[in-house]
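First the structure, in the form of structure tokens, and then the observations on it.
Quick note: the coordinates plus some simple rules give every number you see, no bench work behind them. No experiment lies behind these values; they were computed from the predicted model shown. Note: ideal-geometry Cβ built from the backbone for every residue, glycine included; neighbour counts use all protein chains shown.
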Amino acid sequence: MGNYYQPEIECASREQIRAWQDERLVKQVKHVYDNVPYYRKKMEEKGVTPDDIKSTADLHKLPFITKDDLRDAYPYGLVAVPLKDCVRIHSTSGTTGRRVVAFYTQHDIDLWDDCCARAIMAAGGTNEDVVHVSYGFGLFTGGAGLNGGSHKVGALTIPMSSGNTDRQIQFMIDLESTIICCTPSYAAFLGESIAERGLKDQLKLKSGIFGAEAWTQEMRRDIENSLGIKAYDIYGLTEISGPGVAFECEAQTGMHINEDHFIAEIIDPETGEVLPEGEKGELVFTSITKEAFPLLRYRTKDICVLNREKCSCGRTHVKMSKPMGRSDDMLIVKGVNVFPSQIETVLLNKGYAANYQIIVDRVNNSDQIEVKVEMTPEMFSDSLTEITGKEKELVNALKAMLGIYAKVTLVAPKTIARSEGKAVRIIDNRKLY
């Protein structure tokens, strides 16, 4: 049955998983309390000691860690082992504020590689495969994670990194790559480039492992068609290790979280209250096996749902849905949660660049939402009728995604103000306070 890297763990009974989590959590809380003054102070402020944590049932008593804490404690304030025991760092791209730097012991890297090996085998990988890793290598976790996982599986690993498309395609054909690992947008780009060169029939690819950015089911189908593969999702974040925190199996109904290493909770982003099973909320992770940089109750800001129904693949670990947006940029319009990321997904799927603005207003006590979208330079020469048709098409696509009507206005290229760093995407004119 199935392709497992560590079947005794991936298909363990729920009781066994709970027992691992209870034992490891208790140990980890003590490790962090004893070795991380920053977190010990947070626990003291909350009036919690390690003696209060006897099992996962007590997890909710611990304080949260947020990105702000990582910035305050930068660079070494959350490291839980002597630096001489750390062998590597990785870092986020630092799009918002100070960079996040995560630390690893050799043991941490081994466990992370195991998680990525599980993901590769869940996507059909074996030691007979040629794994083509086109995630960036370096400070970014993507390349290193899949590279290490592929080595554990025993597959021939090609550490391509990203870019240089001609060389990517040449190696893919000459070395007969069977599994491609990269971001979904790069996979789509490779698919187009291969089609332009008429080389699709020379590929030996069978599956792809794509993550690190949001992508939709439509995008999945497009990539599957253009590369002739089955596309699998993978989830991770630098703060918790990197890719491989969760991964898709052949059922493709969510991503299995590696629960022997990470405990997942869903909380109400407003109150911090833990929500019951199956509710939508913010995902929170606790690392229970990490030595160097163990984060307890780290708020990911990703909104999703957990699902414990039995999976046809035989794995028993809980599944998370694709992230549905970010708790830090959620808008509530007509009582519906709207995320800019959902709007962005629709635009990218329809071939627009992600230059847009969302304007929310309240007219006669009713919320209204308008999305201004920059046309591509080619479109700018279209007739008014064609432009109106394109606006209608976006209105329908947005309604399908959001469940509410949003007005769409296509505007001339380069007319939406660019700002340094993150653009101002949302203008909320409602007086909500």
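Counting other beta carbons within 10 Å of each Cβ, put MET160, MET121, MET330 in order, fewest first. Working shown, then result.
Working: MET160 22, MET121 25, MET330 18.
The fewest-first ordering by Cβ neighbours comes to MET330, MET160, MET121.
For the chain, just say rounded, prolate or oblate: build the C-alpha gyration tensor, square-root its eigenvalues into a ≥ b ≥ c, call rounded for a/c under 1.5, and beyond that prolate if a/b exceeds b/c, oblate if not.
Details: a/c = 1.80, a/b = 1.19, b/c = 1.51.
Cα axes put the chain in the oblate bin.
Could you work out the local net charge near MET401, counting Lys and Arg as +1, Asp and Glu as -1, over the other residues with Cβ closer than 12 Å to its Cβ?
Values: positive: LYS350, LYS399; negative: GLU218, GLU344.
In short, 0.
Just to be sure I understand the model, the point goes 7 Å from the Cα along the line to the Cβ. What's the resulting ASN429 to GLU23 distance in nm?
Roughly 6.2 nm, to one decimal.
Toward the positive end of the charge dipole of region 358-400, about the Cα centre and with charges on Cβ (Lys, Arg +1; Asp, Glu -1), which of ASN364, ALA397, SER383 goes farthest?
My answer, from the dipole projection, is ASN364.
Which value, in debye to the nearest 20, gives the size of the charge dipole of the chain about its Cα centre, when Lys and Arg are +1 and Asp and Glu are -1 at the Cβ? If you can, show how the numbers build up before the last one.
Values: 52 positive and 61 negative charges, 136 e Å.
So the dipole magnitude of the chain works out to roughly 660 debye.
Sequence neighbours fewer than 8 away in the same chain don't count; with that in mind, list the lysines whose C-alpha is under 24 Å from LYS152.
LYS204, LYS206, LYS230, LYS290, LYS319
Would you compute, for the Cα atoms of region 330-428, the largest minus smallest coordinate along each principal axis and list the three values in descending order, in whole Å?
38, 33, 25
Per DSSP helix of 4 or more residues, -39500 (n - 2.57); summed, then divided by the residues of the chain. What does that give at 222 nm, rounded to the nearest 500?
On the way: 11 runs with 136 residues, N = 433.
Calculated mean residue ellipticity at 222 nm is -10000 deg cm²/dmol.
Straight-line reach from LYS322: which lysines fall under 16 Å, measuring Cα to Cα and dropping same-chain residues less than 8 apart?
LYS280, LYS301
Compare SER241, SER150, SER193 in a GNM of the chain, Cα atoms joined below 10 Å, and give the one with the largest fluctuation.
Sorting by GNM fluctuation, first place goes to SER193.
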